[in-house]
Amino acid sequence: MEEYVEQPIKVYVKVNDKNEIVEINSDIFIQDLTDWIEIDAGYGDKYAHAQSQYFDKPLMNEEGNYNYKYINNKIVEV
């Protein structure tokens with residue numbers, strides 16, 4: 001009998017020309033990975049529902065500024 005091994009859910013972001021993270025999603029919802037950058041992988045809601053569960057803060061603050069940047073392969077809170 002073959003054993004099924006669940007694959008981790010990958011989390012991807014898109015950045016603008018200032019390296020600000022403008023989108024986040026998991027691979028279960030992305031059809032075309034063009035321009036997406038893989039940042040993490042794992043199991044559970046944090047990964048499956050990355051849009052609302054991955055970061056502590058929303059992508060944008062009340063003033064309309066982005067809260068996160070992707071610099072040197074790392075997420076940086078602004």
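Under a point spin-label approximation (7 Å from Cα along Cα-to-Cβ), what is the residue 4-residue 62 distance to one decimal in nm?
Rounded to a tenth, the inter-label distance reads 4.7 nm.
Over the chain, what percent of the accessible surface lies on carbon and sulfur atoms, probe 1.4 Å? Can you show the working numbers first?
Numbers: 2550 of 5810 Å².
That share works out to 44 percent.
Can you give the accessible area per residue of the stretch 14-78, in Å², using a 1.4 Å probe? Write out the running numbers ahead of the final one.
On the way: 4580 Å² over 65 residues.
I get 70 Å² per residue for this part.
Taking H placed 1.01 Å from N in the peptide plane, check which residues at least 5 places from residue 23 or on another chain put their amide H under 5 Å from its amide H.
Here the answer is 14, since their amide H atoms fall under 5 Å of that of residue 23.
Give me the number: length gained by fully extending residue 38 to residue 70, i.e. 0.36 nm times residue separation minus the C-alpha to C-alpha distance, one decimal in nm.
Values: separation 32, 0.36 × 32 = 11.52 nm, distance 1.10 nm.
Taking residue 38 through residue 70 to full extension adds about 10.4 nm, to one decimal.
The values are calculated or read from the model by the stated rules, or taken from the named source; none is laboratory data. Since the structure is predicted, the reported quantities are computational estimates derived from the model, not experimental observations. Glycine also receives a Cβ, built like all others from the backbone with ideal geometry; neighbour counts cover every protein chain displayed. SASA here: full protein model, heavy atoms, side chains in, ligands and nucleic acids out. Shrake-Rupley method; radii C 1.70, N 1.55, O 1.52, S 1.80 Å.
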